[in-house]
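Below you'll find the structure, written out as structure tokens, and then a few comments.
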Amino acid sequence: MPSFATFLLAVGQAAALLLLAPLASGFCRVLRAKIHTRTGPPLLQDYRDIFKLLKRQEVVPKGAGLIFRATPFVLMATLLTIAMSLPVLTLASPLGAVGNLFTFICLLALVRFFFSLSGIESGSAFAGLGASRETTMGVLMEPAILLALFVAALLAGSSDLGRISLAFASPSKGLIAAEFAATAAIAFAAFVEMGKVPYDMAEAEQELQEGPLTEYSGPGLALLKWSLRLKQMVMASFLIGVFLPYGAAASATAVSLLWAALVFAVKLVIVFAVVALIENSVARNRFFATSRATWIGFGIATLALVFYLVGL
Amino acid sequence: MSLTLFALSIALYVAGALASLVLPERAASRVTGVSGVAAAVVGFAAALPVLVGGEPVTATMAGPFPFAHFVFRLDRLSALMVLTVTLLGAAVSLFGATYVEEEYAGRGVRTMGFLVNLFIASMLLVVVADNALWFIVFFEAMSLTSYFLVVFDQDDEAIGAGWLYFLIAHAGTLLVLIGFLLLYGRTGSFDFAGVRGAALPAPLASVVFLLAFFGFGAKAGMVPLHIWLPRAHPAAPSHVSALLSGVMIKIGVFGIVKVGVDLLGATTAWWGVLVLAFGAVSAVLGVIYALAEHDIKRLLAYHSVENIGIILMGVGIGMIGIAAGQPVLAAVGLIAGLYHLLNHAAFKSLLFLGAGSVVSRVHSKDMGHMGGLLHVMPWTALAFLIGALGICAIPPLNGFVSEWFTYQSLFLAALHGSSLLRLLAPLAAVMLGIASALAVMCFVKAFGVTFSGEPRSKKAAAATEVGWPMVSGMGLLAACCVALGIGAPVVAPLMRDVAASLTGHGIAVASGAVVFPGDAATGVLSTPLMAILLIGLAAVPLFIAGLYAGRRPRPRLGAEVWACGYAPDAAMRVSPGGFAEPIKVLFRPLYGVRDWADGRLAALKPWFAGLPAAAARVEQLWDRWLLAPLERDVQAAGVQMQVLQGGDVRVYCLYIVAALVALLAVAIR
């Protein structure tokens with residue numbers, strides 16, 4: 001059971017990730033505009049969008065029921081649970097009882113389950129197709145993400161996320177190649193999970209009217225958009241906190257936590273900048289061509305396993 | 001005490017079965033239901049003390065065979081099985097009481113009650129029989145009663161499915177029987193107790209294990225011996241499907257554990273690798289085929305193949321651990337397998353009962369004819385949702401906990417196992433991951449298409465909620481799914497005890513509200529904490545949504561969906577086939593394998609079709625050559641005898657006197 005201080009840390013980091021999520025997406029929008037050499041929206045535009053939507057009337061389609069209404073709440077609660085369990089500022093999970101890699105994967109499945117079910121339930125053809133794609137992406141990404149995490153856990157000798165980050169922060173055991181390949185595979189998986197171009201399969205804006213979001217409006221849409229941004233934030237923090245933890249606090253003193261927060265913020269900016277760069281320099285993929293890319297991701301993860309087995 | 005209660009439970013089942021045969025229909029279904037629930041409660045009470053206390057209860061009774069006594073043995077493993085059977089038995093009996101009355105009125109309600117009760121009783125007897133001969137007898141009773149239930153509907157599909165089931169089940173029994181006879185030849189006794197201590201030569205043990213593995217594997221429905229399962233389970237009445245998928249196939253797993261671990265001691269490492277490999281393949285193929293199904297019951301049946309695979313993965317790791325002398329690995333593997341066995345029993349029967357409720361309203365098993373049932377059947381929908389979340393390993397429900405342990409067992413195997421295992425275990429984990437992701441897709445489809453949106457047929461629109469006995473049957477199982485998940489810190493130690501009774505080594509698995517695989521450094525999990533967090537953190541979005549609640553207009557319900565300006569049409573909505581299409585395209589080769597195998601099977605069909613015709617001809621020969629002459633001779637003898645029967649009373653008196661004289665002569669001499 002967590003002590004009060006670590007619990008406070010967990011609440012603090014979840015709150016910070018939630019509050020900063022629209023800022024990160026706003027940052028991506030600004031960068032996108034810069035790449036297009038246009039003025040673009042201000043940095044805080046996403047906060048304005050969310051608060052505007054909160055004041056709008058909610059329109060619920062015919063046939064939509066409890067799951068359609070509940071999904072925005074389920075999604076945000078689940079993502080906050082994940083956010084509390086990640087090792088972000090420290091080299092240990094603040095909530096070890098939830099911060100386990102297999103738990104992490106299953107919590108992501110919870111998000112996916114409700115997100116796609118709400119799409120089917122709305123009764124919209126676009127949302128249904130988006131739901132189908134969302135779950136298919138889950139199937140395609142699962143081998144890569146699971147194997148890469150599995151190898152990382154083998155390197156650390158534990159499936160606890162905190163212990164994995166501790167092992168990655170101190171690469172004294174060698175096996176650099178395996179660590180590098182696992183990190184690469186996870187970076188790829190995290191990017192796909194963020195739902196950005198070219199892998200915005202489920203929420204494709206031009207193609208599917210944002211998939212499962214099609215029929216949402218008002219506060220439901222606000223919560224859902226915020227949750228999806230929180231998911232991007234969680235995936236980025238997961239990558240940074242577990243696989244690139246250099247600078248995170250080994251012991252939770254005030255100074256080291258502040259330093260860790262600073263380093264984390266810089267890394268977050270870099271990650272989102274790279275993400276923005278990628279999403280603006282490629283075209284959308286054909287959906288059925290996605291499996292080739294995900295097999296490459298799985299290939300990298302397999303490489304990590306091979307490196308681990310031969311001791312590189 | 002446990003023995004008495006167990007006997008009482010069996011007696012109640014048999015009494016209910018017999019009463020069902022003689023009572024009028026309405027009373028018969030009620031009596032079956034009530035006796036089933038009562039027997040289940042008594043059976044549960046018999047097994048619980050053994051599971052918690054751990055002292056095996058044994059008894060030996062003389063039977064009709066001089067060479068094989070009936071040996072009763074209720075140890076921890078069989079207590080777990082008895083608990084599983086009775087838990088499901090209670091829910092199914094409750095559900096069946098009204099379901100049978102509604103669906104099968106005038107179509108053999110009494111026979112159904114008779115068969116269902118005997119089916120459950122025979123499953124209970126199989127798991128406590130500690131003698132090979134009696135084991136086979138009850139195993140066969142279970143196969144036969146279930147066969148009659150599969151063919152109950154008497155349509156072509158049911159008869160065809162029943163025939164396939166009959167063949168494969170008996171082929172399996174034959175393999176098991178050969179295995180037991182080999183053991184008998186070595187130990188000279190049908191009692192399992194004699195086998196436990198015996199030092200068997202390794203080749204013999206391996207042969208017996210292989211025979212038992214494939215024999216019981218056929219019953220469990222593992223790939224490639226699963227072909228009967230997706231046909232036979234949907235053909236049966238829904239509450240029987242719940243029993244078939246929920247417990248009967250687990251008897252197959254029980255058999256593998258009983259013979260492989262309990263009797264033979266899992267002495268050879270490759271046995272476990274074999275079980276793990278078959279499990280991993282079953283897990284992936286089962287769910288891939290499930291995804292392509294439109295028939296809701298076939299979809300669920302294919303998921304049983306998947307989950308048997310997951311259970312076998314845990315059992316396989318457990319056997320590897322025993323063979324390698326690694327008590328932690330052995331215990332975690334067996335905990336994972338047995339926990340998933342119990343969990344799958346709970347959520348799969350729940351899903352089958354939910355499907356049964358829906359089918360009883362829509363009168364079609366095609367999900368394309370359902371839809372919109374969430375609004376008219378809210379309790380069924382909620383129960384089905386809980387079952388779906390359980391089977392998809394969604395936290396914090398039960399399927400998640402056992403899959404978590406399965407992942408942990410694979411992780412430990414990859415960390416500490418042999419070099420072969422270090423390669424195989426990560427791949428098996430990937431296959432489990434794919435299976436879980438596919439299960440999510442499959443149940444989003446199953447729940448979404450069945451319960452969400454608008455009705456796709458008139459019957460779906462006119463559907464009503466099922467009666468309270470059916471709802472409470474589902475409610476019992478739904479409560480089990482939640483309790484087995486959130487109550488993991490209580491349940492895991494019980495599973496540990498069962499595993500310890502098999503391996504002889506106990507490990508630490510729980511402390512306070514967390515569970516862990518042997519060592520907390522490997523990873524911990526607290527489902528109660530997760531449940532609290534998931535529910536508690538919903539306060540954040542509730543707060544955000546409430547921010548401007550006063551200023552915004554009330555939600556507008558019942559709007560039309562947006563179809564780019566066209567009038568929305570029900571046909572525009574995603575169909576069960578369309579939803580799964582990406583997987584069908586991306587995994588085409590795996591479907592090709594099945595089509596190829598089905599083709600081979602179809603080639604065998606004319607031979608099977610010829611069999612009844614041949615039997616019919618043989619039957620006539622029998623008539624002509626044996627029965628007809630016999631009949632003719634009896635007739636002729638009768639004609640000859642008529643001479644005696646002249647019709648004169650005096651002649652008859654003479655006969656009597658003659659008979660008396662003859663008898664006196666015999667007596668005097």
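A short reminder: the numbers here are calculations on the coordinates, not readings from a lab. Not measured: the values here are computed from a predicted model. Cβ: placed from backbone, ideal geometry, glycine included. Neighbour counts: every protein chain shown.
Note on chain A: helix-only mean residue ellipticity at 222 nm, from DSSP H runs of 4+ residues weighted -39500 (n - 2.57) and normalised by residue number, equals -24000 deg cm²/dmol.
For B:Asn131, the residues whose amide H sits under 5 Å from its own are B:Val71, B:Phe192, ignoring neighbours fewer than 5 places away on the same chain, with H placed 1.01 Å from N. Other residues lying with their Cβ under 12 Å from the Cβ of B:Thr503 contribute a combined charge of 0, Lys and Arg counting +1, Asp and Glu -1. Pairs with C-alpha atoms separated by more than 22 Å, drawn from the list B:Lys297/B:Lys584; B:Lys250/B:Lys365; A:Lys55/B:Lys445; A:Lys196/A:Lys225; B:Lys219/B:Lys297; B:Lys297/B:Lys459, are B:Lys250/B:Lys365; A:Lys55/B:Lys445.
Annotation note: chymotrypsin sites (Phe, Trp or Tyr not before Pro) in segment B:494-586 located in DSSP loop regions with a Cβ neighbour count of at most 10 within 10 Å are B:Tyr566.
Loop-resident chymotrypsin sites (Phe, Trp or Tyr not before Pro) (DSSP state other than H, G, I, E or B) in segment A:228-312 with no more than 13 further Cβ atoms inside 10 Å of their Cβ: A:Tyr246.
The slack in the chain from B:Leu547 to B:Leu660, taken as 0.36 nm per residue of separation less the alpha-carbon distance, amounts to 29.4 nm.
Across segment B:266-541, the relative contact order, built from alpha-carbon pairs under 8 Å that are at least six residues apart, equals 22 percent. For chain A, excluding the exposed loop sites themselves (trypsin sites (Lys or Arg not before Pro), DSSP loop, at most 14 other Cβ atoms within 10 Å), the longest remaining stretch covers A:39-172.
The relative contact order of chain B, computed from alpha carbon pairs under 8 Å that lie at least 6 residues apart in sequence, is 11 percent. Applying the criteria of a DSSP loop state and at most 15 other Cβ atoms within 10 Å to the chymotrypsin sites (Phe, Trp or Tyr not before Pro) of segment B:55-97 yields B:Phe67. Using the Cβ-Cβ distance between A:Ser3 and B:Ala27 with R0 set to 41 Å, the FRET efficiency from 1/(1 + (r/R0)^6) comes to roughly 0.10. Per the Debye calculation on segment A:4-310 with a single equal scatterer at every Cα and no solvent contribution, log₁₀ I(q)/I(0) for q = 0.13, 0.14 Å⁻¹ amounts to -0.94, -1.09.
Calculated mean residue ellipticity, 222 nm, chain B: -25000 deg cm²/dmol, from DSSP H runs (n ≥ 4) at -39500 (n - 2.57) each, averaged per residue and rounded to 500. The phi-based Karplus calculation (6.51 cos²θ - 1.76 cosθ + 1.60; θ = phi - 60°) puts the 3J(HN,Hα) values of segment B:342-352 at 5, 5, 4, 4, 5, 7, 6, 5, 4, 5, 5 Hz, whole numbers, x for Gly and Pro. Residues whose amide H falls under 5 Å from that of A:Glu58, counting only those 5 or more places apart or on a different chain, are B:Arg556, with hydrogens built in the peptide plane. In order along segment A:252-269, the phi-based Karplus estimate (6.51 cos²θ - 1.76 cosθ + 1.60, θ = phi - 60°) of 3J(HN,Hα) comes to 7, 9, 4, 5, 5, 5, 5, 4, 4, 4, 5, 4, 4, 4, 4, 5, 4, 4 Hz; Gly and Pro are listed as x.
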